Amino acid sequence: LYTREDFEAAWLVKAKALHGLGRHEEARDEMSDLLNKWGSGSESIRDAYNKADFEVRKKNRPDFYELLGVPSIASEMEIKKQYKVKAMEFHPDRFSGAKYTDSQRKEAEEKFKLMGEGLEILCDDFKRQLYDKGYDQSAIKDRVAAAQQAANRRSGGHGGYHHGYGGH
């Protein structure tokens, strides 16, 4: 492989093997190096890089179901109910006073913020579908923006992104 750096098929097999081993970061780095060497002319290498990047982002995203303490088949009502319980547990106001350290306060604040993001994603059908497919918050935001733009183009600039329900 290293004696013939331009042997694309071998690099793609290596990337697939790295994915099989759960070494997505390594696959992404290898594909990134190839893109930098060869340019973005190879669609297969670009696709392999995008897959590796997706897997890395998927692995690094928060598990909102676990964070909220609900199964992945939970209804919106169950998610909201459990959010209220968890929000009370980690609300920043509960971590005021001398008995809590700054790091405990910061950790509770971060968890509280993540739970809010999780609630927003898991209680929106379109966002939840994307999350369940493996997209992270950033990619979900991009997809929602693209859907809104597409909806605006179709409606001649009127209206916006609609995901099939009347509110939160």
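The values are calculated or read from the model by the stated rules, or taken from the named source; none is laboratory data. Everything numeric here is computed off the predicted structure, so don't read it as measured data. Note that each Cβ is placed from the backbone with ideal geometry, even for glycine, and that neighbours are counted across all protein chains shown.
Kindly check whether there is at least one residue in region 138-152 that is touching an Asp or Glu at 6+ places or on another chain (Cβ under 6 Å) and either modelled with pLDDT under 90 or over 24 Å from ASP53 (Cβ atoms) (or both). Write out each step before concluding.
Narrowing region 138-152 to residues touching an Asp or Glu at 6+ places or on another chain (Cβ under 6 Å): none.
Scanning region 138-152 turns up no residue that is touching an Asp or Glu at 6+ places or on another chain (Cβ under 6 Å) and either modelled with pLDDT under 90 or over 24 Å from ASP53 (Cβ atoms) (or both).
Between LYS84, LYS80, LYS99, LYS111, which is under 27 Å from ILE140 (Cα atoms) and free of Cβ contacts under 8 Å to residues at least 12 places away in the same chain? Outline the logic, then answer.
Values: LYS80 fails: free of Cβ contacts under 8 Å to residues at least 12 places away in the same chain; LYS99 fails: under 27 Å from ILE140 (Cα atoms); LYS111 fails: free of Cβ contacts under 8 Å to residues at least 12 places away in the same chain.
Testing whether each residue is under 27 Å from ILE140 (Cα atoms) and free of Cβ contacts under 8 Å to residues at least 12 places away in the same chain leaves just LYS84.
Within region 128-139, residues that are more than 12 Å from GLU117 (Cβ to Cβ) sit with their Cβ atoms under 7 Å from residues that are assigned to a helix (DSSP H, G or I), at 6+ positions apart or across chains, in these pairs: ARG128/ILE121; ARG128/LEU122; LEU130/ILE140; LEU130/ARG143; GLY134/PHE54; GLY134/LYS58; TYR135/ARG143; ALA139/ARG57.
With respect to the conditions (1) more than 30 Å from ASN50 (Cα to Cα); (2) at pLDDT below 90, GLY160 lacks only one, and its number is (1).
Restricting to region 116-127, name every residue that is closer than 23 Å to GLU89 by Cβ, assigned to a helix (DSSP H, G or I) and not acidic (Asp, Glu).
Of all residues in region 116-127, those closer than 23 Å to GLU89 by Cβ come to 116-123.
From what's left, assigned to a helix (DSSP H, G or I): 116-122.
Once the filter is applied, which keeps residues that are closer than 23 Å to GLU89 by Cβ, assigned to a helix (DSSP H, G or I) and not acidic (Asp, Glu), region 116-127 yields GLY116, GLY118, LEU119, ILE121, LEU122.
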